[in-house]
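Input: a single structure, listed below in structure tokens.
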């Protein structure tokens, strides 16, 4: 009996859903007038595992939007951002971009954060022939699919991110060179290839691998991993970290009382105050990381970006905020040069052929959309992050080596 | 050496797990409610600890005296306001209800504390005792010790007080307990509140051991379910044994196979136990056909 009594309710719900579907369709048709704002759609991980960098990317996009609108907009239209939350989930990011393109009918797209999310998201964009500029999608898997409309708006892909670090290690005199190395890395398509890149180069130079393990993104406890590395007695540690895991491993290494001679981490140490507070300033001394952007760099608009960020959010921007800003700059340059958003194949063609000035420096791409420049190598010294290589843009002329014991600074 | 260190870390972690699982198994034992929201309440208590620590600088382990009554109150209200209403419904209803509750709490935490990782970092969180070449992280040791004390208190309350006897009586024979004058609804609310109150201490300890954010509760509830299934659903000593075993198993897997597989251990245990020995280590078999 109860089954039948529920039937009307189910039918009413169904009708309401159908009605809602119809009305949303009729609401989003038409378009084409120039007075209308130019809508740029993006899905970002504002919640879930990547919420921290996702939030930073959101800030970068927002600063760019405000700066562009203050200067008269893009193609004389005000820019409107439509940013949705994908909760760091691959399925959600796909449905987000599908909805942005087919229902919201946004004019342009910007990428999500992390290769993990951008790999599936870019497939949606490519299928719909939309130009897809992403601020963080350096995994090799991004560029081996023959896509023509994706562009990675950083100086280098993941495998080459730490090239300067590997070169520096292998160029050390024999008595300072590490003999063994440990490579813990998160199962992340952006972090893991960086560490594999370092590993390949150091192994080729005769540095023995004594620990190499992958841990899942939700790992919260690093005590076991730290005790393992301690047992392996590795001279050098190169960790593929995102953020919390980078902080977590340093804390656990401190607890285990094991300090390597050289320590390299991806991403985490580039988070400025958050990193030094997380691990304790005294434990930052000598930690290396590769970075796509530096606040000190004299590239056009970089200082304006710093000031706008400080005025709106306070403090120094995260690297991910700068990368997001640069991704939007890339899209802006191409749209301005082409003069229209109707045929995005033209926008993509233009990007394949031209160099764009960004706050990360000039960027250009090969036919796969992979960038052709190099990351800079930075190191924590006296409680502050310094650029150490290449020499032309270095802010510190010395490189701390070997890394002093934990707690040596501050 | 590596083996000894791994087992040591595993036992300490297991001690903390035992406390975290105690509330879940207690509530199941008395009321046959699988409180899927236990993980979310745990993170909520950790966030309370974080907030207290941020505002006053109070040591997270001392803030247990604040978080425990707070979580007790929340538990009591949740039972009286929501769970009491599905008492007569099939058990599956309580799973659905508490799952919905977990999602609601996650959303609430996201609104208030935002979806970023938090951790409480008192001065001792990154230091260790060194015994020979072994190291004992101070935070983990203090957390494990606190967990043992809280568990012992809980055990004493259950075995030495009339309230505890009423709770155990209701767990063993509901109608019998009613016959001798136990007010079952009050006992149920009290048990649920005690079960949730354990997350007060659990959350405070957790806050110094690992970074956490609202969605972390999914990982925790899966770990806790693995522990109580292994120990025997409803058995407090069983949960303690299960927690120690899985704490060690998790760490051994991480060290000797791969950290990738360490969380999987919990799921594998759930499957194997349900196939081979459904009542777990210390649980009792219940004939569902006549018991109803």
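The values are calculated or read from the model by the stated rules, or taken from the named source; none is laboratory data. Small disclaimer: the values here were computed from a predicted structure and weren't measured. With ideal geometry, Cβ positions are generated from the backbone for all residues, glycine too; neighbour counts draw on all protein chains shown.
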Exercise. Here is a list of conditions, (1) more than 14 Å from chain A (Cβ to nearest Cβ); (2) more than 16 Å from the chain's Cα centre (by Cα); (3) in contact (Cβ under 8 Å) with a residue 60 or more places away in the chain, and residue B:214 meets all of them except one; can you say which number that is?
Worked result: (1)
Seminar exercise, completed: Taking the range B:121-153 and keeping only residues that are without any contact (Cβ under 8 Å) to a residue 60 or more places away in the chain, surrounded by fewer than 20 Cβ atoms within 10 Å (Cβ to Cβ) and farther than 20 Å from residue B:20 by Cβ, one is left with B:123, B:124, B:127, B:129, B:130, B:131, B:132
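For every residue, the table says whether it meets (1) touching a strand residue (DSSP E or B) at 6+ places or on another chain (Cβ under 9 Å); (2) assigned by TED's automatic domain parsing to the domain that holds residue A:353; (3) at pLDDT below 95; (4) part of a strand (DSSP E or B).
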{"residue": "A:91", "(1), (2), (3), (4)": "no, yes, yes, no"}
{"residue": "A:96", "(1), (2), (3), (4)": "yes, yes, no, no"}
{"residue": "A:100", "(1), (2), (3), (4)": "yes, yes, no, no"}
{"residue": "A:106", "(1), (2), (3), (4)": "yes, yes, no, no"}
{"residue": "A:112", "(1), (2), (3), (4)": "yes, yes, no, no"}
{"residue": "A:121", "(1), (2), (3), (4)": "yes, yes, no, no"}
{"residue": "A:138", "(1), (2), (3), (4)": "yes, yes, yes, no"}
{"residue": "A:141", "(1), (2), (3), (4)": "no, yes, yes, no"}
{"residue": "A:146", "(1), (2), (3), (4)": "no, yes, yes, no"}
Exercise. Is the range A:255-263 home to any residue that is more than 14 Å from chain B (Cβ to nearest Cβ), crowded, with 23+ Cβ neighbours inside 10 Å and under 26 Å from the mean Cα position of the chain (by Cα)?
Worked result: yes
For this session: Please specify each residue of the range B:239-265 satisfying the condition of being under 15 Å from the mean Cα position of the chain (by Cα) and within 12 Å of chain A (Cβ to nearest Cβ).
Result: B:247
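Suppose we keep only residues that are in contact with a strand residue (DSSP E or B) (Cβ under 9 Å, 6 or more places away or on another chain) and farther than 18 Å from residue A:319 by Cβ within the range A:237-249. Which one would you say is nearest to the other protein chains (Cβ to nearest Cβ)?
Result: A:249.
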Problem set entry | Near pairs, Cβ below 7 angstrom, 6+ apart or cross-chain, from the range A:210-228 (within 7 Å of chain B (Cβ to nearest Cβ)) to any residue that is part of a strand (DSSP E or B) | A:213/A:184; A:214/A:185; A:215/A:184; A:215/A:186; A:223/B:137; A:225/A:184; A:225/A:215; A:228/A:211
For this session: Hey, can you tell me all the residues within the range A:32-51 that are closer than 30 Å to residue B:217 by Cβ and either away from chain B (no Cβ under 14 Å) or surrounded by fewer than 21 Cβ atoms within 10 Å (Cβ to Cβ) (or both)?
Result: A:42, A:43, A:48
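Return yes when residue A:217 is within 30 Å of residue A:317 (Cα to Cα) and in contact with a helix residue (DSSP H, G or I) (Cβ under 6 Å, 6 or more places away or on another chain) and no when it is not.
no
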Exercise. Of the numbered conditions (1) more than 10 Å from chain A (Cβ to nearest Cβ); (2) farther than 26 Å from residue B:191 by Cβ; (3) crowded, with 21+ Cβ neighbours inside 10 Å, residue B:235 satisfies every one except a single condition; which is it?
Worked result: (2)
For this session: Please work out which residue is nearest to residue A:220 (Cα to Cα), limiting yourself to the range B:117-137 and to residues that are within 8 Å of chain A (Cβ to nearest Cβ) and part of a strand (DSSP E or B).
Result: B:137
Problem set entry | Lone unmet requirement of (1) in a loop (DSSP other than H, G, I, E, B); (2) buried (at least 21 other Cβ atoms within 10 Å of the Cβ) for residue A:54 | (1)
Seminar exercise, completed: Exactly one of A:270, A:252 is in contact with a helix residue (DSSP H, G or I) (Cβ under 6 Å, 6 or more places away or on another chain), within 11 Å of another protein chain (Cβ to nearest Cβ) and part of a helix (DSSP H, G or I), and that residue is A:252
For this session: Identify, from the list A:341, A:330, A:316, A:247, the residue that is outside the structural domain of residue A:57 (by TED's automatic domain parsing) and either in a loop (DSSP other than H, G, I, E, B) or buried (at least 21 other Cβ atoms within 10 Å of the Cβ) (or both).
Result: A:247
Seminar exercise, completed: Exactly one of B:156, B:190 is within 23 Å of residue B:239 (Cβ to Cβ) and surrounded by 13 or more Cβ atoms within 10 Å (Cβ to Cβ), and that one is B:190
Problem set entry | Single match in B:62, B:8, B:47, B:24 (criterion: in contact with a helix residue (DSSP H, G or I) (Cβ under 6 Å, 6 or more places away or on another chain) and either free of Cβ contacts under 8 Å to residues at least 40 places away in the same chain or surrounded by fewer than 23 Cβ atoms within 10 Å (Cβ to Cβ) (or both)) | B:47
Exercise. Is it the case that residue A:199 is within 20 Å of residue A:249 (Cα to Cα) and more than 10 Å from chain B (Cβ to nearest Cβ)?
Worked result: yes
Seminar exercise, completed: When residue A:407 is run through (1) surrounded by fewer than 17 Cβ atoms within 10 Å (Cβ to Cβ); (2) in the same structural domain as residue A:142 (by TED's automatic domain parsing); (3) touching a helix residue (DSSP H, G or I) at 6+ places or on another chain (Cβ under 6 Å); (4) under 28 Å from residue A:194 (Cβ atoms), the failure sits at (2)
Exercise. Can you tell me which residues in the range A:365-382 are exposed (fewer than 15 other Cβ atoms within 10 Å of the Cβ) and at pLDDT 90 or above?
Worked result: A:366, A:367, A:382
For this session: Among the residues of the range A:157-167, count how many are under 21 Å from residue A:322 (Cα atoms), in contact (Cβ under 8 Å) with a residue 60 or more places away in the chain and surrounded by 24 or more Cβ atoms within 10 Å (Cβ to Cβ).
Result: 3
Exercise. What are the residues in the range A:168-194 that are out of contact with any strand residue (DSSP E or B) (no Cβ under 8 Å at 6 or more places or on another chain) and either surrounded by fewer than 17 Cβ atoms within 10 Å (Cβ to Cβ) or within 14 Å of another protein chain (Cβ to nearest Cβ) (or both), if any?
Worked result: A:170, A:171, A:172, A:173, A:174, A:175, A:176
Problem set entry | Failed item in (1) assigned to a helix (DSSP H, G or I); (2) modelled with pLDDT under 90; (3) over 22 Å from the mean Cα position of the chain (by Cα), with residue B:159 passing the rest | (3)
Seminar exercise, completed: Quick count over the range A:274-300, residues being without any contact (Cβ under 8 Å) to a residue 60 or more places away in the chain and away from chain B (no Cβ under 14 Å), is 3
For this session: Consider residue B:114 carefully, then state whether it is away from chain A (no Cβ under 14 Å) and more than 16 Å from the chain's Cα centre (by Cα).
Result: no
For this session: Could you please give the count of residues in the range A:221-254 that are under 20 Å from the mean Cα position of the chain (by Cα) and modelled with pLDDT under 90?
Result: 3
